[in-house]
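What follows is calculated from the coordinates using simple rules that are stated; it is not laboratory data. Just so you know, these numbers come straight off a predicted model, no measurement behind them. Every residue, glycine as well, gets a Cβ built from its backbone with ideal geometry; the counts of neighbours run over all protein chains shown.
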Amino acid sequence: MALRKLVAGNWKMNGTRAALAELAPIASAAAAAPSLDVLICPPFTLVAEAAIKANGIAIGGQDCHTGIKGAHTGCVAAAMLKDVGASYVIVGHSERRCDNNETDAEIRAKAEAAIAAGLTPIVCVGETEAERDEGRAGIVVAGQLEGSVPPAGTAATLVVAYEPVWAIGTGRTPSAGDVAEMHALIRAKLIDLLGEEGQGVRILYGGSVKPDNAVELMAVADVDGALVGGASLTAALFVPIIEATAAL
Ligand code: 13P
């Protein structure tokens, strides 16, 4: 089943207000590609202003807390993101799993908090290079899905992103065959966990998506969009990814 594709940019810890100038050309490209959704996840400091300047593209956060409010210095609740115009939030990115020791259970709780606040969580999974070399990539990703996908997630309220850790920021990507194999495994696992709803949950590929490999990666079965890091920071690189995906 071909799902409506989502091309998402994760700016990570990049960008001051000047970076918001990139949004206008990205919004123009999105307007010219009505068959897909376009999302930018800037750092927290820019979410509110980005939402004002979004002009039709969706804006999201890069993380949220599991709770709704309270004494958690430095944290941001899903409802706060929603309040300033976000509609998505990334949870369980490998950089947070690694840098902040986030567990599957915590990521699931964040995803549930996001859904409760009316945001669509993008739950990230992916194996390390060592895990792939040991032939354990499928087992690792299946385990992450079991632990971090909210059981009440539906096609309308949940997105999953497969981001092999070794492909992030390295310029290396899995072969189209390896991506197809992993996305088929993720699809089967989502159906296992969510029943029929699992058919419609979008599965993004992330890890060194660039203008020159976007067509090959986005054409793979069960790849329902991209989660782009470095190449989402400038419209010059992100717009060709939007255009390539829209042309499929
Ligand atoms: P790169 O596109 O820079 O490899 O980053 C991918 C990523 O981690 C997106 O969340």
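List, largest first, the extents of the alpha carbons of segment 168-247 along their principal axes, each in whole Å.
Sorted from largest, the Cα extents of segment 168-247 read 40, 21, 20 Å.
In whole percent, what relative contact order does the chain give with Cα contacts below 8 Å and a gap of six or more residues?
Values: 527 pairs, mean separation 53.8, N = 248.
Relative contact order here is 22 percent.
Please give the per residue volume of the convex hull enclosing the alpha carbon atoms of the chain, rounded to a whole number of Å³.
Taking the convex hull of the Cα positions in the chain, it is 110 Å³ per residue.
Give the dimensionless ratio obtained when the Cα radius of gyration of segment 1-115 is divided by 2.2 N^0.38 Å.
Cα Rg divided by the expected 2.2 N^0.38 Å: 1.09.
What Rg and what Dmax come out for segment 89-137 when only alpha-carbon atoms are used, in angstroms?
Over segment 89-137's Cα set, Rg and Dmax evaluate to 12.4, 39 Å.
Separation between the N14 and T73 pseudo-spin-labels, each 7 Å from Cα along Cα→Cβ, expressed in nm?
Each label point lies 7 Å from its Cα, and together they span 3.1 nm.
In whole angstrom, how long is each semi-axis of the equivalent ellipsoid of segment 59-141, when you take the square root of 5 times every eigenvalue of its Cα gyration tensor and sort them from largest down?
27, 13, 10
Which value, in Å³ per residue, describes the convex hull spanned by the Cα atoms of segment 189-233?
Numbers: hull volume 3.4 nm³, N = 45.
About 75 Å³ per residue, rounded to a whole number.
Quick one: 3J(HN,Hα) in Hz for segment 216-226, Karplus 6.51/-1.76/1.60 with θ = phi - 60°, rounded, Gly and Pro as x.
Working through the residues one at a time gives 4, 6, 6, 7, 5, 4, 6, 9, 9, x, 10 Hz.
With a point put 7 Å past each Cα toward its Cβ, work out how far S35 is from V84 in nm, to one decimal.
About 3.5 nm separates the two model spin labels.
Give or take rounding to whole Å, what are the principal axis extents of the alpha carbon atoms in segment 109-156, in descending order?
Largest to smallest, the principal-axis extents are 39, 17, 15 Å.
Given points 7 Å out from each Cα along the Cα-Cβ axis, report the I139 to K210 separation in nanometres with one decimal.
3.4
Taking neighbour counts of Cβ atoms within 10 Å as a proxy for exposure, in what order, fewest first, do R136, R17 appear?
By the 10 Å Cβ count, ascending, the order reads R17, R136.
Between N100 and A219, what FRET efficiency follows from the Cβ-Cβ distance if R0 is 30 Å, with the result rounded to 0.05?
0.30
Amide H neighbours of L6 under 5 Å, at least 5 residues apart or on other chains, H built in the peptide plane: list them.
For L6, the qualifying residues are D37, G225, A226.
Taking H placed 1.01 Å from N in the peptide plane, check which residues at least 5 places from T120 or on another chain put their amide H under 5 Å from its amide H.
Y88, V89
What fraction, in whole percent, of alpha-carbon pairs in segment 106-248 exceed 28 Å separation?
16
Around I40, which amide H atoms from residues at least 5 apart in sequence, or from another chain, sit under 5 Å from its own amide H, with H modelled in the peptide plane?
Under 5 Å from the amide H of I40 lie the amide H atoms of G9, A58, I59, G60, each far enough along the sequence or on another chain.
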